[in-house]
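Beneath this line is the structure, given in structure tokens, with notes to follow.
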Amino acid sequence: MKILIVEDEQKTGDYLKQGLTEAGFQVDLAREGVDGLHFALTENYDLAILDVMLPGIDGFGILAGIRRAGKDMPIMFLTARDAVDDRVKGLELGADDYLLKPFAFSELLARVRTLLRRGGKAPSDPFFRAADLELDLLRRRVTRAGQRIDLTAKEFALLELMLRRQGEVLPRSLIASQVWDMNFDSDTNVIEVAVRRLRAKVDDAFSPKLIHTVRGMGYVLECHD
Ligand code: CA
């Protein structure tokens, strides 16, 4: 399996290339948009991972060029943490997934494997669901039992992470790095507080309960019927 990475931040690019190579992929790394697009059009890749902000042609430009050339490999964007517009734009342009920077390598690898399994044929479904809870990634909207639920940006990101990884116990350290861009600090209860608020909004008035605490380990979103 061959993967193209286009990333201008040297550290991130090297880290990705090394990690994916160790995971058994063949990896090409371009550090500029023009080179990235050239690689994408002249080689055959099973997946492309594109940073959005790049010198020369940005990630959106590369995506457009790839799709114009009729190539349908899955594409994942790497986007800045709060660049909501970038995420929406990327998905609208036909990206298959995006990952917020900074990310844990394990998270990236899980997404890469999912995209490769999917083979880039089906357009990505921007909805995540559990029981009667629905999160619409494109419209940034959450409903439960058809009722609109207003979430803060952090609560939305937290719920999105939990829905993406449904059934998996998410350690606080992973939640901290994915949603708060910070390393887990045992003195802070920011995650507990956020989970409590999220629960109050999506679980308190509804049944079945979806967000569960796994003592000493973290949180899991799952539907016990
Ligand atoms: Ca960049």
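The values are calculated or read from the model by the stated rules, or taken from the named source; none is laboratory data. Computed from a predicted structure; not experimentally measured. Glycine also receives a Cβ, built like all others from the backbone with ideal geometry; neighbour counts cover every protein chain displayed. The protein model used for the area step is the full one, side chains on, heavy atoms only, and it has no ligands, DNA or RNA in it. Shrake-Rupley method; radii C 1.70, N 1.55, O 1.52, S 1.80 Å.
Find the helices (runs of 4 or more DSSP H) located wholly in the stretch 41-154 whose residues include 2 or more that are among the hydrophobic types (A, V, I, L, M, F, W, C) and closer than 16 Å to Leu16 by Cα, and list them. Step through it out loud before you land on a result.
On the way: elements: 59-68, 84-92, 105-118.
Qualifying helices (runs of 4 or more DSSP H): 105-118.
Output the number of residues of the stretch 212-225 satisfying the condition of being open to solvent by less than 50 Å² (accessible area, probe 1.4 Å) and either under 15 Å from Lys154 (Cβ atoms) or assigned to a loop (DSSP other than H, G, I, E, B) (or both).
Residues that pass the stated criteria total 2.
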Can you list residue pairs whose Cβ atoms sit under 8 Å apart, with the first residue in the stretch 1-15 being of a type in the set (Phe, Trp, Tyr) and the second being open to solvent by 10 Å² or more (accessible area, probe 1.4 Å) and more than 9 Å from the ligand (Cβ to nearest atom)? Count only pairs 6 or more apart in sequence or on different chains.
Tyr15/Phe105
Please go through the stretch 147-167 and pick out each residue that is exposed (fewer than 15 other Cβ atoms within 10 Å of the Cβ) and of a type in the set (Asp, Glu).
Asp150
Only one of Gly61, Gly19 that is open to solvent by less than 70 Å² (accessible area, probe 1.4 Å) and free of Cβ contacts under 8 Å to residues at least 40 places away in the same chain
Gly61
Name the one entry in Phe60, Phe105 that is within 16 Å of the ligand (Cβ to nearest atom) and not acidic (Asp, Glu).
Phe60
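Out of curiosity, is Leu54 within 12 Å of the ligand (Cβ to nearest atom), open to solvent by less than 30 Å² (accessible area, probe 1.4 Å) and touching a Phe, Trp or Tyr at 6+ places or on another chain (Cβ under 9 Å)? Walk me through it before giving the result.
On the way: within 12 Å of the ligand (Cβ to nearest atom): yes; open to solvent by less than 30 Å² (accessible area, probe 1.4 Å): yes; touching a Phe, Trp or Tyr at 6+ places or on another chain (Cβ under 9 Å): no.
No; evaluated as a whole, the condition is false for this residue.
Table: residues versus (1) farther than 17 Å from Leu116 by Cα; (2) in contact with a Cys (Cβ under 7 Å, 6 or more places away or on another chain); (3) open to solvent by 30 Å² or more (accessible area, probe 1.4 Å).
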position: Gly33; (1), (2), (3): yes, no, no
position: Ala40; (1), (2), (3): no, no, no
position: Asn44; (1), (2), (3): no, no, yes
position: Gly70; (1), (2), (3): yes, no, yes
Condition first: open to solvent by 60 Å² or more (accessible area, probe 1.4 Å) and closer than 24 Å to His224 by Cβ. Can you find one or more residues in the stretch 133-141 that meet it?
no
Mind counting the residues in the stretch 6-34 that are within 14 Å of the ligand (Cβ to nearest atom) and over 14 Å from Ile66 (Cβ atoms)?
13
Output the residues belonging to the stretch 85-105 that are under 14 Å from Met53 (Cβ atoms) and out of contact with any Ser or Thr (no Cβ under 8 Å at 6 or more places or on another chain).
Asp85, Lys89
What single numbered condition from (1) modelled with pLDDT under 90; (2) buried (at least 16 other Cβ atoms within 10 Å of the Cβ); (3) not β-branched (Val, Ile, Thr) fails to hold for Ala122?
(2)
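Can you tell me how many residues in the stretch 155-166 are among the basic types (Lys, Arg) and assigned to a loop (DSSP other than H, G, I, E, B)? It would help to see each step written out before you state the result.
Filtering the stretch 155-166 down to residues among the basic types (Lys, Arg) leaves 164-165.
Those left that are additionally assigned to a loop (DSSP other than H, G, I, E, B): 165.
Of the residues in the stretch 155-166, 1 are among the basic types (Lys, Arg) and assigned to a loop (DSSP other than H, G, I, E, B).
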